[in-house]
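Read through the structure below, which is laid out as structure tokens, and then see the notes.
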Amino acid sequence: MGDGGQGGRPRTVLDGSAVALSEAYDTALLDLDGVVYAGGEAIAHAVDALAVARAGGMHLAYVTNNALRTPDAVAAHLTELGVPAEAGDVITSAQAVARLIADDVPAGSPVLVVGGEGLRVALRERGLEPVESADVPGLAAVVQGYGGPDLPWARFAEAGYAVARGVPWYASNTDLTIPGARGIGPGNGAAVEVVRIATGGVVEPKVAGKPLPPMHRETVLRTGARRPLVVGDRLDTDIEGAFNGGVDSLLVFTGVTDVAQLLAAVPEHRPTYVSADLRGLLVGQPEVVETGGAFVCGGWRASVSGGALLLEGVGGEEAGSLDVMDGVRALCGAAWSEAGAGACGLDGGKALERLGM
């Protein structure tokens, strides 16, 4: 297993695991959108993979930056999809930001909400009063969270009025996008930008969600995980959040991130492991071996020449007979070792074509 950041040194290769990840870690901290479901529908292999991991003794916790729905609603949806869950298994950025606000303002304070029911429930849980007008006497804070596609435009105006006159501003998260059934749509970060622009761009909200510490704190407090594994599809939230928390991570390619983005990742965006989907929890992870300036994983060898990444089958094996993920792992070793503490600028086009990507 990795050490959640390699003691401050940039990660240059993915880790290997001799046993299934579901055995190596006691708790999976699973992102939802793009990992377990997209657009409300279960992602391929997610339901069966999670069932096997749970049956083997792994605790499954669902950690989402999406503040729209309550933990009860999220758990009910997961259960409908075939992933049994209770409200206590769900940790949302709404809960994290509510705790952040409650630490800063007096109990019972009114808080202007620009978002959905998930935020309102989380604020009440912390003894705060959700309101919808900037003119409420004693308004202590403004909070934004993803409110779905039907959030009225007037709510942004209320937030702008309050922030412009100095009311403290909070955001559940600043993800610019959110995956859905029809593709990638605007997320809460885009809504935050609306208020930022309307108020002259001189004020920054306090943000609770991944990858920042308040979300990690909330997750640890609610799950009690001892050997957690963060599982996500986004480099700038899930993987960076794991890096900031000093824990290991598994990146799956069922959501936002593609292989080209992974190869170009800066150190804080480099996961411990990679897998095509959640079936990666149920198996070990092959070791990436450096030999003669090249990186070998399974039947693939990756190297760098003339500013480009090269990928070939070891012993002349045909690409179609090899594990694509092993090729990705080998390429990560070559790209990250060349980049060191920076982002990889190598041309990976032909290498990715060999993998059919």
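The values are calculated or read from the model by the stated rules, or taken from the named source; none is laboratory data. Just so we're clear, the structure is a prediction, and the values are computed from it rather than from any experiment. Quick reminder, even Gly has a Cβ in these numbers, built from the backbone with ideal geometry, and neighbours come from all protein chains shown. Ligands, DNA and RNA are stripped out before the accessible areas are found, and what is left, the full protein with its side chains, is counted by its heavy atoms. Shrake-Rupley method; radii C 1.70, N 1.55, O 1.52, S 1.80 Å.
Say we look at the stretch 276-304 and pick out the residues that are of a type in the set (D, E, K, R) and part of a loop (DSSP other than H, G, I, E, B); which of these is farthest from residue 252 (Cα to Cα)?
My answer is 287.
Given the criteria surrounded by 13 or more Cβ atoms within 10 Å (Cβ to Cβ), over 24 Å from residue 27 (Cα atoms) and touching a helix residue (DSSP H, G or I) at 6+ places or on another chain (Cβ under 8 Å), does residue 83 qualify?
no
Let's see how each residue does on (1) in contact with a helix residue (DSSP H, G or I) (Cβ under 8 Å, 6 or more places away or on another chain); (2) farther than 30 Å from residue 113 by Cα:
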{"position": "198", "(1), (2)": "yes, no"}
{"position": "223", "(1), (2)": "no, no"}
{"position": "258", "(1), (2)": "no, yes"}
{"position": "282", "(1), (2)": "yes, yes"}
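Given (1) open to solvent by 50 Å² or more (accessible area, probe 1.4 Å); (2) assigned to a loop (DSSP other than H, G, I, E, B), identify the lone condition not met by residue 338.
Of (1) open to solvent by 50 Å² or more (accessible area, probe 1.4 Å); (2) assigned to a loop (DSSP other than H, G, I, E, B), only one is false for residue 338: (2).
Among the residues of the stretch 246-265, is there at least one that is under 30 Å from residue 163 (Cβ atoms), of a type in the set (A, V, I, L, M) and in a loop (DSSP other than H, G, I, E, B)?
yes
Which one of the conditions (1) within 23 Å of residue 53 (Cβ to Cβ); (2) assigned to a helix (DSSP H, G or I) does residue 315 fail to meet, given that it meets all the rest?
(1)
Looking only at the stretch 139-172, which residues are among the charged types (D, E, K, R) and over 28 Å from the mean Cα position of the chain (by Cα)? Write out each step before concluding.
Taking the stretch 139-172 and keeping what is among the charged types (D, E, K, R), we get 150, 155, 158, 165.
Selection gives 158, 165.
Between residues in the stretch 216-234 that are farther than 14 Å from residue 64 by Cβ and residues that are among the basic types (Lys, Arg) and open to solvent by less than 20 Å² (accessible area, probe 1.4 Å), which pairs lie under 6 Å by C-beta distance while being six or more apart or on different chains?
Between residues of the stretch 216-234 that are farther than 14 Å from residue 64 by Cβ and residues that are among the basic types (Lys, Arg) and open to solvent by less than 20 Å² (accessible area, probe 1.4 Å), there is no close pair.
Being under 23 Å from residue 148 (Cβ atoms), in contact with a Pro (Cβ under 7 Å, 6 or more places away or on another chain) and among the β-branched types (Val, Ile, Thr) narrows it down to one residue among 114, 121, 83, 90; which is it?
Numbers: 114 fails: in contact with a Pro (Cβ under 7 Å, 6 or more places away or on another chain); 121 fails: in contact with a Pro (Cβ under 7 Å, 6 or more places away or on another chain); 83 fails: in contact with a Pro (Cβ under 7 Å, 6 or more places away or on another chain).
Sole residue among the options that is under 23 Å from residue 148 (Cβ atoms), in contact with a Pro (Cβ under 7 Å, 6 or more places away or on another chain) and among the β-branched types (Val, Ile, Thr): 90.
Keeping to the stretch 176-215, report how many residues are touching a residue at least 24 places away in the same chain (Cβ under 8 Å), in a helix (DSSP H, G or I) and open to solvent by 60 Å² or more (accessible area, probe 1.4 Å).
Qualifying residue count, the stretch 176-215: 2.
Does residue 143 satisfy the condition of being open to solvent by less than 20 Å² (accessible area, probe 1.4 Å) and in a helix (DSSP H, G or I)? Lay out the reasoning, then the answer.
On the way: open to solvent by less than 20 Å² (accessible area, probe 1.4 Å): yes; in a helix (DSSP H, G or I): no.
No.
Working only within the stretch 157-175, note down all residues that are in contact (Cβ under 8 Å) with a residue 40 or more places away in the chain and closer than 26 Å to residue 235 by Cβ.
Within the stretch 157-175, 170, 171, 172, 173, 175 meet the criteria.
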